[in-house]
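J.: Supplied in C-alpha cells, the structure appears directly below.
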Amino acid sequence: MIQYKTEAQVAKMREAGLVVAHTLEVLKQAVAPGVTTAELDALAEETIRKAGAIPSFLGYHGFPATICASVNDEIVHGIPGKRVLREGDILSIDCGAILDGWHGDSAVTVPVGEVTPELRELIRVCEEALWRGLAAARPGGRLTDIGHAIESYVRSQGRYGIVEEYVGHGIGTEMHQDPQVPNYGRPGRGPKLVKGMVLAVEPMINLGSRHTVLLDDGWTVKTRDGSYSAHFEHTVALTDDGPWVLTALDGGEAKLAELGAR
C-alpha cells in the first residue's frame, strides 16, 4: 500500500529532511584522513539529537549505529567502527532522522582527501544520475520513469555496474514503504506518479560489475569483484509544481531548474 501524504504532512517531512541535510553537511566537513567511521557516527547522532530528532537507523532491525558508513568497495549498510579513513578512500554515508514521527533519508559519497580522477568521475556520475531520477519524479508519469532516467544517464557515461538488489523506496511514517524504486528499467510502467507520493531515490553504481556480496555481519554489502562503489540518495515529494527534494537544503531548486524540472 502506497502512503499518500497531505501538503501538511509533506511539510513535516521537509523538517525531518532538513535535519538529515544539515547532518550530512556536518559530516562531509568532518571527513578527512585519520578520522574513524565511529567518530563520524557519534557526530551524526549528536547533530540529529540536538535538532530534536531521533536517528532512524539506530536499532532498526538491530542495526547498531546512526549512519551507514561504507568505504571503497562497500556499497551500502557498512557498520561504523574503528576503521580509519585514509587518503584516497571514498566514503558513502547514509543517514536518516525521525522528527515528529516522519522520516527523512539521504546519502552522499565523499572523497577522503585527494582521490583518483576515476573515483571523482564515479562520484560525479552517481550524483548526476540521482538528479536525473529526481527530475523524472513528476505527477503524470510512471514509477519506472525514475529508474529509466537513472539507468539511461549511467549507461551514457561508461561501463558502470548498476546495483539491482538494493533499490529506493517509499518513505513516510516508516523508513521503508511501498513502492520499491529500482534504478533501472523501461519507462512507462508501474504505479502512476501522483501528488502526495514521497520516495527515497538512491542509485548505487560500481566501477566494475553490478554483482554484490553480503558479509557475515549480516549488514555490509560489498561489490563481488572488489571494485569501488558510490551511493547517493534524496527524499523527494511529488507536488503540483514538480519534485520537491526534501533532503536538499534548497529543496533541489537549483539543480532541478538546470535539468528543466522546475
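The numbers here are math on the coordinates, done by the rules we state, and not lab data. These numbers were taken from a predicted model, which means no experiment stands behind them. A quick note on method: Cβ atoms are made from the backbone with ideal geometry, for glycine too, and the neighbour counts reach across all protein chains shown.
J.: Whose amide H sits under 5 Å from the amide H of residue 202, counting only residues 5 or more places off or on another chain, with H placed in the peptide plane?
T.: Amide H to amide H, under 5 Å and 5 or more residues apart or across chains, residue 202 pairs with 168.
J.: Please give me the summed charge of the neighbours of residue 51: other residues whose Cβ is under 13 Å from its Cβ, Lys and Arg +1, Asp and Glu -1.
T.: -3
J.: Oh, and also: Using the Cα atoms of segment 169-262, I'd like the radius of gyration and the largest Cα-Cα distance, Dmax, both in angstrom.
T.: 15.7, 45
J.: Could you give the distance between the Cα centres of segment 17-34 and segment 193-233, to the whole Å?
T.: Cα centroid of segment 17-34 versus Cα centroid of segment 193-233: 20 Å apart.
J.: What is the spread of the Cα atoms of segment 7-259 along each of their three principal axes, largest first, in whole Å?
T.: Here the spans come out as 47, 43, 33 Å, largest first.
J.: Please report the net charge: other residues with Cβ closer than 13 Å to the Cβ of residue 36, K and R +1, D and E -1.
T.: 0
J.: Any idea what the relative contact order of the chain is, in percent, if you count C-alpha pairs under 8 Å spaced at least 6 apart?
T.: Here the relative contact order equals 22 percent.
J.: So which of 28/222; 12/195; 5/195 end up more than 18 Å apart by C-alpha?
T.: 28/222
J.: Here's a follow-up. Between residue 253 and residue 225, what length in nm is gained on full extension when 0.36 nm per residue of separation is reduced by their alpha carbon distance?
T.: 6.3 nm
J.: Quick check: net charge around residue 255, other residues with Cβ under 11 Å of its Cβ, Lys/Arg +1 and Asp/Glu -1?
T.: Result for the neighbourhood of residue 255: -3.
J.: Identify which of 226, 78, 96 has the largest mean-square fluctuation in a Gaussian network model of the chain, with springs joining Cα atoms closer than 10 Å.
T.: Ranking 226, 78, 96 by mean-square fluctuation puts 226 first.
J.: Take the Cα atoms of segment 157-223, find their three principal axes, and give me the spread along each one in whole Å, biggest first.
T.: So the extents along the principal axes, rounded to whole Å, are 37, 32, 16.
J.: Nearest 500 deg cm²/dmol is fine: what mean residue ellipticity at 222 nm does the chain get from its DSSP H runs of n ≥ 4 alone, each adding -39,500 (n - 2.57), divided by its residue count?
T.: Theoretical 222 nm ellipticity from helices: -9500 deg cm²/dmol.
J.: In segment 156-243, what trypsin sites (Lys or Arg not before Pro) fall in a loop by DSSP, with at most 12 other Cβ atoms inside 10 Å?
T.: Listed in order of number, the matching sites are 159, 189.
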